[in-house]
Amino acid sequence: MFISEKEYKKLTAKPGNLRYYHALGVLWQMACDIQLLHKEPWSSFVTTSKTGTLAIQRSILPNDHLCLVRMTPHRDLFSRSLTTANSATLVLMLKQCLAKRKAKLLDRLDSWSPGSGHKILAQLELPEDIITGHVYPEEYKRLFEVMEQSEEFSQSWLYEEVLENTKTIGFQI
């Protein structure tokens, strides 16, 4: 598919790039291999107006290229811990974690289940001072899987909020 260069940068941003590293990009990186096939200048898609100028002024364009991207789903996205039934919880977790990309992951974990953050970070071998914008997509997936298997997090408000949201929207669980 074609996407703007700016959106491509967001989809493929690496941890530490706090400007572009967002929950949606982490989800896509977790779910798919993202491959840039070709960059095409906007001018290839822009026609000239009757006056001979570009129909879309260059100053309006968000960047210089459209990117042809192939997104290939990972076969191993879903597991015993990550299922289609609890995937909404993963999405909410990522949105909560990456809303403030300079916040400590430990603080976020402790807000969901007080006192459990140190244990989870140790289990994942992540430093206690890591910020949410420096966690790799595969580490977020492992974090979610560990939280799913933990009794401390099964009673967390995070799970209750997902249940409320799915009932309000009308999804069947």
Is at least one residue of region 146-160 modelled with pLDDT of 80 or more and either under 17 Å from Ala99 (Cα atoms) or of a type in the set (Asp, Glu) (or both)? yes
So how many residues does region 74-116 have that are within 14 Å of the chain's Cα centre (by Cα) and crowded, with 19+ Cβ neighbours inside 10 Å? 7
Within region 1-27, how many residues turn out to be surrounded by fewer than 16 Cβ atoms within 10 Å (Cβ to Cβ), in a helix (DSSP H, G or I) and of a type in the set (A, V, I, L, M, F, W, C)? 1
Return the pair list, or none, for Cβ contacts closer than 6 Å from residues in region 120-142 that are in contact (Cβ under 8 Å) with a residue 60 or more places away in the chain to residues that are surrounded by 18 or more Cβ atoms within 10 Å (Cβ to Cβ) and among the charged types (D, E, K, R), at least 6 apart or on different chains. Gly133/Arg101
It is to be established whether one or more residues within region 89-99 are of a type outside the set (Lys, Arg) and modelled with pLDDT under 85. no
Pick out the one residue from Thr72, Thr51 that is more than 20 Å from Glu138 (Cα to Cα), of a type in the set (Ser, Thr, Tyr) and either modelled with pLDDT of 85 or more or assigned to a loop (DSSP other than H, G, I, E, B) (or both). Thr51
Right, Asp110: of a type in the set (Asp, Glu), without any contact (Cβ under 8 Å) to a residue 24 or more places away in the chain and more than 15 Å from Glu139 (Cα to Cα) or not? yes
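The values are calculated or read from the model by the stated rules, or taken from the named source; none is laboratory data. No experiment lies behind these values; they were computed from the predicted model shown. Quick reminder, even Gly has a Cβ in these numbers, built from the backbone with ideal geometry, and neighbours come from all protein chains shown.
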